[in-house]
Amino acid sequence: LGKNGPLVSAIGYGCMQFAVSYGASLPKEDGIRVLRQAFDQGVTLFDTAQVYGPFTNECLVGEALADIRQDVVIATKFGYRFEDGKRGPLCSHPKNIRQTVEDSLRRLKTDYIDILYQHRVDPDVPMEEVAGTVKDLHDEGN
């Protein structure tokens, strides 16, 4: 993935559809089965986000991939604030990014995120501040 990024399958799996984004979502067991079948067919890149569900998609992906975690690349996103379990406004303040990452790690049942990126640009936070926070998180994880 990129010049120096992780080695991934040519086709990645966008997991958003498991979180009621387009009609009714599959039962959890079926979602897990679909993700495992994708892996069995060679897919190694799985993309999710805290906002899908919200939160339920990361939980599903985490459960489905927990025992093969070392063999897959997981991408997730930050960039929203949540209030009472519902998506609120854009928020990429450093404190929110850090909390999102902690929460995502727990839901994904992992101790690292391979690819972390901003879901939508927050016009209230300079991009340099966002990038600096992500770099700090990366450095702290090494």
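Annotations
- Residues whose amide H comes within less than 5 Å of that of SER9, counting only those at least five positions distant or on another chain, are THR44, LEU45 (H built at 1.01 Å from N in the peptide plane).
- Under a Gaussian network description of the chain, with springs only between Cα atoms under 10 Å, the residue in GLY79, GLY12, GLY62 that fluctuates furthest is GLY12.
- Centre separation in Å (Cα based) which lies between the stretch 85-120 and the stretch 36-74: 15 Å
- In degrees, nearest ten, helix 94-107 long axis to first principal axis of the chain (Cα): 20 degrees
- Lysines whose Cα lies under 20 Å from that of LYS95, excluding same-chain neighbours fewer than 8 positions away: LYS77, LYS86, LYS135
- Loop-located chymotrypsin sites (Phe, Trp or Tyr not before Pro) in the stretch 22-95, at most 12 other Cβ atoms within 10 Å (DSSP): TYR22
- Calculated P(r) tail over 23 Å for the stretch 10-142, as whole % of Cα pairs: 32 percent
- The angle between the Cα long axis of helix 127-141 and the longest principal axis of the Cα atoms of the chain comes to about 60 degrees, rounded to the nearest 10.
- Projected label distance in nm at ASP67 and ASP124, using a 7 Å step from Cα toward the beta-carbon: 4.4 nm
- Computed with every protein chain present, the accessible area of ASP71 is close to 80 Å² [probe 1.4 Å].
- In percent, rounded to a whole number, the relative contact order of the chain is 21, using alpha-carbon pairs under 8 Å and six or more apart.
- For the stretch 27-69, size of Cβ-based charge dipole, Lys and Arg +1, Asp and Glu -1, in debye: 20 debye
The values are calculated or read from the model by the stated rules, or taken from the named source; none is laboratory data. Computed from a predicted structure; not experimentally measured. Glycine also receives a Cβ, built like all others from the backbone with ideal geometry; neighbour counts cover every protein chain displayed. When the accessible area is computed, the model is the full protein with side chains, heavy atoms only, and any ligands, DNA or RNA have been set aside. Shrake-Rupley method; radii C 1.70, N 1.55, O 1.52, S 1.80 Å.
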